[in-house]
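Everything below concerns the one structure shown next.
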Amino acid sequence: MNKQYIRNIKNLRIDKGISQKDMAEKLGFSYSNYNKIEKELVEITVSKLYEIAEILEVSVNSILGNIELDNLKIEIEKREKMIGVLTVLLTEFASGKSKEETADIVKSIKEKVAKSESQ
């Protein structure tokens, strides 16, 4: 059985700076039992998988290796924000603003887009 998800848990835990001992305590396991999980000697329950995801502040998809799906969702959210910003721009143009007002609006939108892309 492919236990890549266990290796993902370990890598994510290390990236977050959480020790095995701390992870074990947060999950209500002894250090020894948690260590067996990362050594791929025992399986974990689905409910514990969700707890681990919460502790690591990631989705279960990320742990299971579906990171592409999570990245796609993030990209969709960014594009939805962009559409919202462009909608505001079009609305402002349609309302008959002066060239100066339009320039200010465009500048404001560019700033908002840059800010949303950095988040």
Can you tell me the 0 to 90 degree angle between the C-alpha axis of helix 99-118 and the longest principal axis of the chain, rounded to 10? 10
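Estimate the FRET efficiency between residue 45 and residue 74 by the formula 1/(1 + (r/R0)^6), using the beta-carbon distance for r and 25 Å for R0, to the nearest 0.05.
Values: r = 28 Å, r/R0 = 1.13.
According to the calculation, E is roughly 0.35.
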Of 11, 108, 86, which is farthest along the charge dipole of the chain in the positive direction, counting Lys and Arg as +1 and Asp and Glu as -1 at C-beta? 11
Where does helix 46-56 land angle-wise versus the long Cα axis of the chain, in degrees 0 to 90, nearest 10? 60
Angle check, please: helix 4-15 long axis (alpha carbons) against the longest principal axis of the chain (alpha carbons), in degrees 0 to 90, nearest 10. 70
What's the FRET efficiency of residue 113 with residue 64 using the Cβ-Cβ distance as r and R₀ = 22 Å, to the nearest 0.05? 0.10
Structure-derived Kirkwood radius over Cα pairs in Å: which label, when the choices are [x] 17.5; [y] 15.5; [z] 19.0: [x]
Among 102, 91, rank each residue by its count of other Cβ atoms within 10 Å, from fewest to most, as a rough exposure measure. 91, 102
Quote the charge dipole size of the chain about the Cα centre in Debye, to the nearest 20; the model charges only the Cβ of Lys and Arg (+1) and of Asp and Glu (-1). 240
Can you pull the semi-axes for segment 1-63, root of five times each eigenvalue of the Cα gyration tensor, sorted largest first, whole Å? 15, 14, 11
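Okay, helix-only estimate at 222 nm for the chain: each DSSP H run of n ≥ 4 adds -39500 (n - 2.57), divide by all residues, round to 500 deg cm²/dmol; what do you get? Could the numbers behind the result be given before it?
Details: 7 runs with 92 residues, N = 119.
Using -39500 (n - 2.57) per qualifying helix, the result is -24500 deg cm²/dmol.
Read-outs: derived from the displayed coordinates by stated rules, not from any lab. Keep in mind that what you see is a predicted model, and the values were worked out from it rather than measured. When we count neighbours, we look across all protein chains shown, and the Cβ atoms used for this are built from the backbone with ideal geometry, even at glycine.
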